[in-house]
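Beneath this line is the structure, given in structure tokens, with notes to follow.
The values are calculated or read from the model by the stated rules, or taken from the named source; none is laboratory data. The model shown is predicted, which means the values in this text are computed figures rather than measured ones. Cβ coordinates were reconstructed from backbone atoms using ideal geometry, including for glycine residues, and neighbour counts include every protein chain displayed. Ligands, DNA and RNA are excluded from the accessible area calculation, which covers all protein heavy atoms including side chains. Shrake-Rupley method; radii C 1.70, N 1.55, O 1.52, S 1.80 Å.
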Amino acid sequence: QVQLVESGGGLVQPGGSLRLSCAVSGSGFNTYNMGWYRQAPGNQRELVARITSGVSTNYADSVKGRFTISRDNAKNTVYLQMNSLKPEDTAVYYCKAGRIIGIYYWGQGTQVTVSS
């Protein structure tokens, strides 16, 4: 089975930074397409950023220029560097992995709260 564990969330002031990590169990991490999603209270889960096995990246317009997704295949880990955080970034952030179309794996999420 594939397991994803997010970490790095917490409380940060507006304009601050956080770095989220997602550790993926098992072998073959370098073949996975990875993504970060978030869900705020009352909202649907939305895509924040994604990175393919070929290290191609995409970002939501709301975070473009502020967030950076990256991966370390040697550590089976994907990261989300979040800078210039805004209150509207407050949400539970989830890590997602996919390799076969239609088969996805999700972490349990990590809370990010941006507040003064």
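Among the residues of region 25-51 satisfying the criterion of being farther than 14 Å from D89 by Cβ and buried (at least 21 other Cβ atoms within 10 Å of the Cβ), which is nearest to the chain's Cα centre (by Cα)? For region 25-51, the residue satisfying everything is G35.
Give me the residue from region 77-116 that is assigned to a loop (DSSP other than H, G, I, E, B) and among the hydroxyl-bearing types (S, T, Y) and, out of that set, nearest to A23 (Cα to Cα). Full working, then the answer.
Residues of region 77-116 that are assigned to a loop (DSSP other than H, G, I, E, B), as a first pass: 83-86, 90, 99-103, 107-109, 115-116.
Now narrow it down to the ones that are among the hydroxyl-bearing types (S, T, Y): 84, 90, 115-116.
Numbers: S84: 24, T90: 22, S115: 27, S116: 30 Å.
Filtering first and then ranking leaves T90.
Among all positions in region 66-78, there is at least one residue which is basic (K, R), more than 25 Å from S116 (Cα to Cα), open to solvent by less than 70 Å² (accessible area, probe 1.4 Å) and in contact with a strand residue (DSSP E or B) (Cβ under 6 Å, 6 or more places away or on another chain).
In this structure, is Y104 open to solvent by 50 Å² or more (accessible area, probe 1.4 Å) and aromatic (F, W, Y)? So that I can check it myself, show each step before the final result.
Numbers: open to solvent by 50 Å² or more (accessible area, probe 1.4 Å): yes; aromatic (F, W, Y): yes.
Criteria met by Y104.
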